[in-house]
Amino acid sequence: MPCRTVTVVAGLALFSLSTVLATPVSKPLAFLHHSNQAMSNFLDRIAATCPDITRVYTIGYSVKNQPLKVIELSDNPGMHEPGEPEFKYVANMHGNEVTGRETLLHLIYALCVEYGSNDRITRLVDNTRIHILPCMNPDGYNKAHVGDVQGTKGRVNEHGMDLNRNFLDRFPGRTQPHREPETLAVMNWIHEYPFVLSANLHNGALVANYPYDNSPAGHHMYTYSPDDDIFRQLALAYSEAHPTMHLGKPCPGDKSGFKDGITNGADWYSVDGGMQDYNYLNSNCFEITIEQGCTKFPHAVELENIWRSNRGALLTFIEEVHKGVKGFVVDSDGAGIHNATIDVSGREHSVRSAADGDFWRLLVPGEYTLSVSAKGYHDAKIDISVGSGAATEVQVILVRRNSDTATDNGVIDISASSEDDKEGNLSETPTDEDTNTAASDDKPEENTNESTATTTTNTTSSATTTTTTTTEDSTVENSSGSGAADMSESSSDSNSTENDIATAQNEPEGNSPTHRKRKPPIVAGMTMLVVIVLLVIAIFTLSILIAYHARAGRNSRNGYRKVSVEDDADSTVSPFSNSNENNNTLEREKKYSLAYQTQHRLLSDDEEQVVYSRPAILQDSA
């Protein structure tokens, strides 16, 4: 009975606790330092307040088993919307650097309660999937203390590891040897979602810091990444939206500040195993580090001013995810191609398409050439123009190599041919680089010799939309085996198109792309020529043999000698000689008779005629 009572009481307590946690937020978030438990409760209450645009999930646990909770804000939480970029904020990586933790909690509150009434926030939530991890180091936070200006207590995790030195580094051997649970959780998180842009929030200075974070020599010096101009743009976007960061004033005790409030990480000081470099080098995500203030753990009375100074900058930085170029990589059927590689000419940094074929590439305004490739498909190139506003939109259609059936782009798979085609009336075998196609009345413009890209650009007030299609056709032999079909540069080339149409119309009936008579390859022609030559030689030889048999019979009756291949090398006597010089001499016969010497027997006249009358060239080949 007492046990049953305890169980009922415990159940009621848990029910009451869950009811409290699920209670929607009814008043503005207070400006105070939230404990780990209070922060976790707040995220759950926000999810209850705005269930249509929020989702709370856990990416892992700290050393002391505290959850690393993330809240997602999107008009379709819990799913990736094709074409919609994904963004993340991370804070409290160093446990004693706390303003990022608190400003993100206030940002979460604003995104929730102002959605639908604030156009800027509504637009961001509707068009961006936003993920926020307010605390990456809950164990360190529990050890930190209010009022810490430049201290280190609580900076590391429970194992004493600095989490911002714990990621894999671009220089082997220059990072901590073991990955901490918090680090592994974030690494897995980075690879689980197609993040495009990110920032991690720190304290100790007032500056926006961008990659690379370390130098080859390991000491401070400006170290450029392939996208240095883009990172500068991203850092400036935050700095200039902040009321004081862009002024570049130094913190108390520092000799100098930062021009425009931004800095290259390695130029400030070299950091091995940093999180921002890991994002850039191992995913599609561009990340910078925001130092929100000179004091690491300020008093609660300072939090409201810190939030107001960073609110606009936090929103502005999210908006940067919608710049550059974005679009889809699809096949000829319109299906998205996952893991396609998108390269920008002159930049040694690739991004890859997400599961639906959608991709995003941050770029500063300018003219660029994109190269798009995917396993099993022909490559494509496209020239684009990027402005300062919304991203340029493109669609790139890749044609599959050796597709199973004929497509609109004329790609034919040799495996679809019958066995008769393979062994009899052979056609040229298409390769990955050169696939056979045939012109038709419907699509004369597809009769090209090499891969081309046809680009259509539509310019709008907000973005540029470009569609690129690659088509692959190959040279077709004419009846002489040396001719080739004319190449059409594009569908707009009227002269080439007219020639192709005329060629297609003059072809005999049944010469369609799927029923074209196949022309013999060069190898087959050479084989036929060799057979004919051998046949002629055989006929000629046979005629000689027949003539000789008739003559030899007459000569034997007239006493003509038979000549052996063992006659004197200088002798001019022919196998067909009719000289009477040594007729009827048995000793001479035995000397030149090869058959007699090898078989030790005498042959009849008829047998000897067969042996000795065979031309030497045929004896050698027998």
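Structure notes:
- With 24 Å as the limit on Cα-Cα distance, the pairs of Lys255/Lys296; Lys296/Lys323; Lys88/Lys296; Lys88/Lys255; Lys27/Lys88 that go past it are Lys296/Lys323; Lys88/Lys255; Lys27/Lys88.
- Neighbour-count ranking [beta-carbon atoms within 10 angstrom, fewest first] of Asp343, Asp52: Asp52, Asp343
- Gyration tensor verdict on region 167-237 (Cα atoms; rounded if a/c is under 1.5, prolate if a/b is larger than b/c, oblate otherwise): oblate
- Considering only region 27-322, percent of DSSP beta bridges that pair antiparallel, nearest 5: 45 percent
- Tensor-based shape of region 29-80 (alpha-carbon gyration tensor, a/c under 1.5 rounded, otherwise prolate or oblate): oblate
- The label point for Leu542 and the one for His299, both projected 7 Å from the Cα toward the Cβ, are 11.8 nm apart.
- Model label sites at His219 and Thr369, defined 7 Å from Cα along the beta-carbon direction, differ in position by 4.1 nm.
- Residues in region 294-329 that a label on Ala390 would reach, taking backbone N under 17 Å of a point 7 Å out along Cα→Cβ: 319-328
- Net charge contributed by nearby residues that have their C-beta within less than 13 Å of Thr99 (K/R +1, D/E -1): -2
- Relative packing of 143-156, 190-203, which averages over residues the other C-beta atoms within 10 Å, highest first: 190-203, 143-156
- Cβ-derived FRET efficiency at R0 35 Å, Arg120 paired with Met79, nearest 0.05: 0.90
- Gained length - Lys64 relative to Arg311, 0.36 nm times residue gap less alpha-carbon distance: 85.7 nm
Since every read-out is calculated from the coordinates, none of them should be taken as a lab result. Note that this is a predicted model, so its numbers are computed, not measured. Neighbour counts run over all protein chains shown; Cβ positions are idealised from the backbone, glycine included.
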